[in-house]
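Read through the structure below, which is laid out as structure tokens, and then see the notes.
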């Protein structure tokens, strides 16, 4: 049987998180370690349901709502409460002639790992058809692994 145990305070970071925190401190907001996950969606889109699914995924996975603090030059994790994570789903019309550019811009916007959760999501409606869209979820690699894209594709459906 699994039982919760008290966490240390401050909560230490993993070696991988420490490396990315250091690079984030050195380079600032950079997209070097972003992992964009674009998905093409067709059929009727329920924006409220999509927002609820995103909130649910973020609530279930602490790494998607973790920011990094600094105490005397040493990083530590700050796991935000699900209601405080503030990961919105933005919805906008994509230009007919520049979807690739819009997706590139979204994927290359860096994260400030000390202030914002390492995930963001956008939905771009394509053309005049309200039932055709591309969604992109962008995560910092401090929250992802090679299997992440598959989980993102499945999570909204479950």
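The values are calculated or read from the model by the stated rules, or taken from the named source; none is laboratory data. Predicted, not measured: the structure shown is a model, and the values here were computed from it. Counting neighbours? That spans all protein chains shown, and the Cβs are built from the backbone with ideal geometry, glycine included.
The set of residues in the stretch 56-89 being within 11 Å of residue 119 (Cα to Cα), surrounded by 16 or more Cβ atoms within 10 Å (Cβ to Cβ) and out of contact with any helix residue (DSSP H, G or I) (no Cβ under 8 Å at 6 or more places or on another chain) consists of 67 alone. Would you say residue 106 is touching a strand residue (DSSP E or B) at 6+ places or on another chain (Cβ under 9 Å), surrounded by 18 or more Cβ atoms within 10 Å (Cβ to Cβ), assigned to a strand (DSSP E or B) and at pLDDT 90 or above? The answer is no for residue 106. Here residue 56 meets the list (1) part of a loop (DSSP other than H, G, I, E, B); (2) under 23 Å from residue 106 (Cα atoms) almost entirely, failing just condition (1). Identify the residue in the stretch 42-55 that is surrounded by 13 or more Cβ atoms within 10 Å (Cβ to Cβ) and touching a residue at least 60 places away in the same chain (Cβ under 8 Å) and, among all such residues, is nearest to the chain's Cα centre (by Cα). Of everything passing the filter in the stretch 42-55, 54 is nearest to the chain's Cα centre (by Cα). Look at (1) surrounded by fewer than 16 Cβ atoms within 10 Å (Cβ to Cβ); (2) within 13 Å of the chain's Cα centre (by Cα); (3) without any contact (Cβ under 8 Å) to a residue 40 or more places away in the chain and you find that residue 96 fails only one, number (2).
Quick grid of which residues meet (1) at positive phi; (2) within 18 Å of the chain's Cα centre (by Cα); (3) assigned to a loop (DSSP other than H, G, I, E, B); (4) modelled with pLDDT of 90 or more:
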{"site": "2", "(1), (2), (3), (4)": "no, no, yes, no"}
{"site": "5", "(1), (2), (3), (4)": "no, no, yes, no"}
{"site": "18", "(1), (2), (3), (4)": "no, no, no, yes"}
{"site": "31", "(1), (2), (3), (4)": "no, yes, yes, no"}
{"site": "40", "(1), (2), (3), (4)": "no, yes, no, no"}
